[in-house]
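Some notes on the structure that comes next.
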Amino acid sequence: MQESPSRVCWPAGLRHHRPAWLRALTAVTILTVVLWRVGTGPFLAGLAHVDLWSLAAASGIAVVTTLCCAWRWTLVARAMGVDVPLRGALGACYRSQFVNVATPGGILGDVDRAVRHGRTVGDTGVALRSVVGERLAGQLVLVAMAGSALCLLPSPVRPTARLAAAVLVGGAVAAGLLLMGVRSRVRPAWARWLGQGGGGVRAGALARHTWPGILLASAVAVCGHVLTFIVAARTAGSGAPALQLLPWALIVLVAAGLPNLAGWGPREGVAAWAFGAGGWGAEQGVATAVVYGVMVFVATLPGAVLLVTAGIRRATRAPRVGQGRSTPARAPAAGGTPHE
């Protein structure tokens, strides 16, 4: 039986990674700075621009992106030896997305998804690693697509992006060569993690028969999120060409994955900076981020419906108050025992 989010028993390894107050403080600080710089006007303008067409578009796109995330999870989990049916994965992803956008931090829904699945398969550890692998694969593809767009498409930060990409690639190559030289003599904590629990994440995401599907699902999901952001920009009144918006949209999506307050905080701050750097004004960026936030929240409402219906099913299956006390008082049937 599934447990409600409020009754989740958190794995011991996650208890040290829940500084909710720090995440909330960071998000509130960013929002305060944005409000100080642009005022409340862009926030109110963004809310005023939201219409039924944009909400319907976001909900339709979310069906495709959520299906891609569910498929990616099934692929990662199967590579780790755990079966996740696609239909169940789709419902679990919708629930986790809603919890992510409705609670601080942006990860509680995924933790709940891992715990629920762990109780189903009897192994919370492997379930947790499958969710971590699924999320990590999606974020890596998103960052790679954002970096490629910044390096290839015209923008004021393209020279800086190319320099940063060269430095990162060079650093990665140097680090890889260094680790190859010392791994036989030194086995630090991260290496032990890769060899034990992290090895499952690595195997699930990089298995030869798995990674093409994961890459395809992640790329389609990112394209869906970018399309949603462009719809939000048009709804907020931006007339910037879609090709010019593309790299900035990817940057905002990367920022949206940072610790936040129910989705708010880094997204608005980075959108203000990105639109300002692109020449469209920080106010337009904030309004677009607000529209995007509302669209995403509405698109995840099927997850709320699934949570409510699951709660109703649990309530109808639970014994009525007093029923448990009256049952033992009745004489048991022949050969039977009282119901407890």
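Output needed for region 246-311: three equivalent-ellipsoid semi-axes, defined as square roots of 5 times the C-alpha gyration tensor eigenvalues, in descending order, whole Å.
Numbers: eigenvalues 154, 24, 17 Å².
They are 28, 11, 9 Å, listed from largest to smallest.
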| In nm, spacing of pseudo-spin labels at LEU163 and VAL63 (7 Å Cα→C-beta vector) | 4.7
| Karplus couplings for region 222-233 from phi (6.51 cos²θ - 1.76 cosθ + 1.60, θ = phi - 60°), rounded to Hz, Gly and Pro as x? | 4, 4, x, 5, 5, 4, 4, 5, 5, 4, 5, 5
| remark: With x for Gly and Pro, the residue-by-residue ³J(HN,Hα) of region 137-152, computed from phi through the Karplus equation 6.51 cos²θ - 1.76 cosθ + 1.60 at θ = phi - 60° and given in whole Hz, is 4, x, 5, 5, 5, 4, 5, 5, 5, 5, x, 5, 5, 5, 7, 9
| remark: On the formula 1/(1 + (r/R0)^6), with r taken between the Cβ atoms of LEU52 and LEU136 and R0 of 35 Å, the FRET efficiency rounded to 0.05 is 0.45
| remark: Per the 1/(1 + (r/R0)^6) rule, R0 = 30 Å and r from the Cβ atoms of ALA242 and VAL173, FRET efficiency to 0.05 is 0.30
| Zone residues, region 127-166, relative to LEU22, backbone N less than 13 Å from point 7 Å out along Cα-to-Cβ | none
| message | Testing the spin-label approximation: label points 7 Å from Cα along Cα→Cβ at THR29 and ILE312. State their distance in nm. | response | 4.4
| Does anything in region 74-102 have its amide N under 20 Å from the 7 Å Cα→Cβ label point of VAL121, and if so which residues? | 74-97
| note | Place a point 7 Å from the Cα of LEU86 in the direction of its beta carbon; the residues of region 35-74 whose amide N falls under 16 Å from it are 63-74
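Quick note: the coordinates plus some simple rules give every number you see, no bench work behind them. Please read all numbers here as calculations on a predicted model, not as lab measurements. Ideal geometry is used to build each Cβ from the backbone, glycine not excepted, and the neighbour counts take in all protein chains shown.
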